[in-house]
Amino acid sequence: PPAAPGARSPAPTRLDGWLLALLDDEDAPRCALRAALEGLGATIVDAATAAQLEAALDAQLRFPDALVFDLDLGEDQPDGRAVLAGLRQKWELQVPAVILSGRAGSRSVILPPRCTLHEKPVSLTDLTATLQRLAPRTAPA
């Protein structure tokens, strides 16, 4: 049945002050997600490859609050989980992460701790709620 008049899905949570790392080998979805998250106040470091992302993150003054990685990063590339594991090891920090997947049956993928999988397409409301749950932040003073 259609939603009652005036009923709206909840608005996505604001992400003011967040630094998010976004990794997706496909430009169009990465750029769309970047624009949407920036619209909520987040600062985004994004890249198509793990090496590009690592170089961009090395230039930041702090670690990202969370990582949003595509599971499948193209032929002959490590998947999002492998990139996540490498960064966590390098930083010696369990940075929270969301893995996005367009792969059928991806629900059975084994995930590391502090990591959640969302199937594409994911709503911005669901993604921001997951980020808030994985990486709760106190509002900046």
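The values are calculated or read from the model by the stated rules, or taken from the named source; none is laboratory data. Predicted model only: the values in this text are computed from it and were never measured. In this analysis, Cβ positions are derived from the backbone assuming ideal geometry, glycine residues included, and neighbour counts consider all displayed protein chains. What goes into the accessible areas is simple: the full protein's heavy atoms, side chains included, and nothing from ligands, DNA or RNA. Shrake-Rupley method; radii C 1.70, N 1.55, O 1.52, S 1.80 Å.
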Explain nothing, just the number: dipole magnitude of the chain about its Cα centre with +1 on each Lys and Arg Cβ and -1 on each Asp and Glu Cβ, in debye rounded to the nearest 20. 700
Quick one: what Rg and Dmax do you get for the chain from the alpha carbons, in Å? 15.3, 51
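When you have a sec, figure out the Kirkwood radius of segment 65-141 from all distinct Cα pair distances and drop it here in Å to one decimal?
Working: mean 1/r = 0.0760 Å⁻¹.
Answer for segment 65-141: a Kirkwood hydrodynamic radius of 13.2 Å.
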With +1 assigned to the C-beta of every Lys and Arg and -1 to the C-beta of every Asp and Glu, and no other charges, what is the dipole magnitude of segment 47-118 about the Cα centre in debye, to the nearest 20? 320
Roughly how many nanometres apart are two label points built 7 Å out from the Cα toward the Cβ at D16 and D76? 4.7
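Over segment 1-109, with every protein chain in place, what whole percent of the accessible area is carbon and sulfur at 1.4 Å, could you tell me? All intermediate terms of the calculation are to be shown ahead of the outcome.
Working: 3120 of 5790 Å².
Heavy-atom surface of segment 1-109 belonging to carbon and sulfur, 1.4 Å probe: 54 percent.
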Under 5 Å from the placed amide H of L22, counting only residues 5+ away or on other chains, we find V45, D46, A47, V68
Compare R14, R103, R114 in a GNM of the chain, Cα atoms joined below 10 Å, and give the one with the largest fluctuation. R103
How would C115, C31 rank on accessible area, largest to smallest, probe 1.4 Å? C31, C115
If you keep only loop residues by DSSP, which GluC sites (Glu not before Pro) in segment 38-121 have at most 14 other Cβ atoms within 10 Å of their Cβ? E75, E92
If a helix is a whole DSSP H run, which ones in the chain reach 20 Å or further along their own axis (Cα) and hold a mean Kyte-Doolittle hydropathy of at least 1.0? none
Separation of segment 97-141 and segment 36-56 by C-alpha centroid, Å? 16
